[in-house]
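Comments concern the structure below.
Each reported figure results from applying straightforward, stated rules to the coordinates on display, with no laboratory input. Bear in mind the structure is a predicted one, so any value in this text is a computation, not a measurement. Note: ideal-geometry Cβ built from the backbone for every residue, glycine included; neighbour counts use all protein chains shown.
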Amino acid sequence: MKVVLINRSDWRGGAAVASHRLVDALRSRGVDARLLVMLADRKPMPPYVEEYGRSARGKGYFLAERAGIFAANGFNRADLFKVSTARYGFDLSRHPDVLSADAILLGWVNQGALSLGGLNRLLALGKPVIWTMHDMWPATGVCHLPPDCDRYQADCGRCPLLHSRSDNDLSSSTLCRKRTIYARHCNLAFVAVSRWLRDKARASRLLRDYDIAVIHNAFPIERFTTERSANSYGIGHDKIVVTMGAARLDDEVKGFDKLIELTRTVASLKPELAARLHLLLYGSMRDASLLNQLALPFTWLGAIDIARLPELYAASDIVLSTSRFETLGGTLVEGAAAGCVPVTFGTGGQADTVSHLSTGYIARSYDIADMAAGLEWAVEHRANRASRHHDIAAKYSAHSIAGQYIDLINSKIKS
């Protein structure tokens, strides 16, 4: 079997890492899997990875799409990257790896990686096209995560991220283009990386008639050890280490303001607990001065290579997420793979990873007092690291995830 996976990047961002890991997992099971990326972040590239879009044309597609969105949203920079249109992008339907593949996999293909016209031409080849949803964009008009908006369940329009009052705005016209393309072809299938994402997508006008499979992202579970190690970050050995990270830690979606509020609540209402905790934070920040508002001791590592995550979590006790949305929650998976206790809000796909009061704690949405109680619970239940590792391995190991994709691909090829 030969498959080709198309993604914008190979390592920048959670969807990119997930796509690269999926290709590696498929190859480990004997599939001739290849990865086409618009922009490759790691050099040299393995022989099965090809970069196709680092060119003036690729930059032009990216800038042209952003310019169109910028004009449509009233020149609002804050929401510029919360939406995509795929009006501009590459056509890969004549690429040799695409033509020779038995099936085509799509990952995160926005920001110039693939246009809707290019998607239409891929589907016209007649091969199974399986689109893994890492956010809601395949099910909405233009947004990646709907901001308390359910208009994607109808025809979009009056898009809050476009600051639009028109029923026939860019979100509505883009949804109409998607609907036309989806309806034209019967060889398109969708995969959601969590049950929450599947249920949200099923409620949409675009995907309500699709049988959406749930297959989690693959993780290198075998690289994580459950033996608690001494930390090398200058943190006292008597401290309970609470780790939280993201590609960009102060991204609005990651809820750094909620982390600040949580530390203040713990420091004021649970001083004995506060005295035992130390925050270990990783990820870039646009405004590092926000760290000064934390009311608990912390160590900030900045952006780190993902190869360091196993050692980082081996030196941690609790993995924390204050995100407003998580389609899956990769940091929770990685932390639990090392035996850390996950503590998180339940606003997304976290329930696929965390079993409340069993393998971790799911606080009520944005309830800081409940999350503080979750930290207290995690401190008292941080033993049995191996059991959390085994629970995660059963759900997210690369071998298991690759097998699920192989079964799905074979079923689509036969049908």
Exercise for review: Pull up all non-local amide H partners of Arg34: gap of 5 or more, or a different chain, and H-to-H distance under 5 Å with H placed in the peptide plane.
Suggested key: Val3, Val4, Leu5
Study note, to complete from the structure: For Lys239, counting only aspartates and glutamates whose alpha-carbon sits under 16 Å away and dropping same-chain residues fewer than eight positions off, the answer is Glu272, Asp317, Glu376, Glu380
Review point. What's the percent breakdown of Cα-Cα distances in the range 15-118 across 5 Å bins, shortest bin first?
Key: 2, 11, 20, 21, 19, 12, 8, 5, 2, 0, 0
Review point. In the range 147-276, how does Rg compare with the Kirkwood Rh, expressed as the Rg/Rh ratio over alpha carbon atoms?
Key: 1.13
**Study point:** Options Val3, Leu290, Cys186, ranked by Cα towards positive dipole end of the chain, top entry (Cβ charges)
**Key:** Cys186
Study note, to complete from the structure: Interchain or sequence-distant (5+) residues whose placed amide H lies within less than 5 Å of the amide H of Ala101 are none
Point to revise | Computed magnitude of the charge dipole of the range 328-415 (debye, nearest 20; Cβ of K, R +1, Cβ of D, E -1) | key: 360 debye
Revision key, fill the gap. In whole percent, the Cα-Cα distances of the range 104-180 spread across 5 Å bins from 0 upward as 3, 15, 25, 24, 17, 10, 4, 1
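Would you mind working out the magnitude of the charge dipole of the chain relative to its Cα centre, with +1 at each Lys and Arg C-beta and -1 at each Asp and Glu C-beta, to the nearest 20 Debye? Write down the numbers at each step before the final one.
Numbers: 51 positive and 42 negative charges, 249 e Å.
Using Cβ point charges on Lys, Arg, Asp and Glu, the chain gives about 1200 debye.
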**Study point:** Charged-residue dipole, Cβ positions (Lys, Arg, Asp, Glu), the range 221-395 about Cα centre, Debye nearest 20
**Key:** 120 debye
Revision key, fill the gap. The ³J(HN,Hα) series, computed from each phi in the range 138-150 with the Karplus coefficients 6.51, -1.76 and 1.60 at θ = phi - 60°, rounded to the nearest Hz and given as x for glycine or proline, is x, 10, 10, x, 9, 8, 8, 9, x, x, 6, 10, 10
Exercise for review: Of the options Gly329, Thr347, Ile304, report the single residue whose Cα projects farthest towards the positive end of the charge dipole of the range 221-395 (beta-carbon charges: Lys, Arg +1; Asp, Glu -1).
Suggested key: Ile304
Exercise for review: Send over the Kirkwood Rh of the range 73-229, from the inverse of the averaged 1/r over different Cα pairs, rounded to one decimal Å.
Suggested key: 16.7 Å
Exercise for review: With springs connecting C-alpha atoms under 10 Å apart, model the chain as a Gaussian network and identify which of Lys59, Lys258, Lys43 has the largest mean-square fluctuation.
Suggested key: Lys43
Practice item. Any chance you could check the Cα centroid distance between the range 38-83 and the range 144-165 for me, in angstrom? Key: 23 Å
Review point. In Å, what is the Rg of the alpha-carbon atoms in the chain, and how long is Dmax?
Key: 21.6, 64
Review point. GNM, the chain, Cα, under 10 Å: largest mean-square fluctuation among Leu269, Leu188, Leu122?
Key: Leu269
Exercise for review: Please identify, among Arg205, Arg57, Arg388, the residue showing maximal mean-square fluctuation in a Gaussian network model of the chain using a 10 angstrom Cα cutoff.
Suggested key: Arg57
Exercise for review: Using the number of other C-beta atoms within 10 angstrom as an exposure proxy, rank His237, His163, His144, His216 with the fewest first.
Suggested key: His237, His163, His144, His216
Study note, to complete from the structure: Going residue by residue through the range 129-136, the Karplus relation 6.51 cos²θ - 1.76 cosθ + 1.60 with θ = phi - 60° gives ³J(HN,Hα) values, rounded to whole Hz and with x marking Gly or Pro, of 10, 10, 9, 7, 8, 9, 8, 8
Point to revise | Least to most buried among Met1, Met133, Met285, Met244 (fewest other Cβ within 10 Å first) | key: Met1, Met285, Met133, Met244
Exercise for review: Tabulate in residue order the Karplus-calculated ³J(HN,Hα) for the range 234-241, using 6.51 cos²θ - 1.76 cosθ + 1.60 with θ = phi - 60°, rounded to whole Hz; enter x for Gly and Pro.
Suggested key: x, 8, x, 5, 8, 8, 8, 8
Review point. What residues qualify as long-range amide H neighbours of Leu277, i.e. H under 5 Å apart, gap of 5 or more or another chain, H built at 1.01 Å from N?
Key: Ile240
Review point. Once you have the alpha carbon radius of gyration of the range 221-395, what is it after dividing by 2.2 N^0.38 Å, with N set to its residue count?
Key: 0.92
Check your understanding: Sorted from fewest to most neighbouring beta carbons within 10 Å, what does the list Thr140, Thr344, Thr265, Thr174 look like?
Key -> Thr265, Thr174, Thr344, Thr140
Practice item. State the answer as a single residue: which of Pro147, His163, Pro47 lies farthest towards the positive end of the charge dipole of the chain, with beta carbon charges of +1 for Lys and Arg and -1 for Asp and Glu, about the Cα centre. Key: Pro47
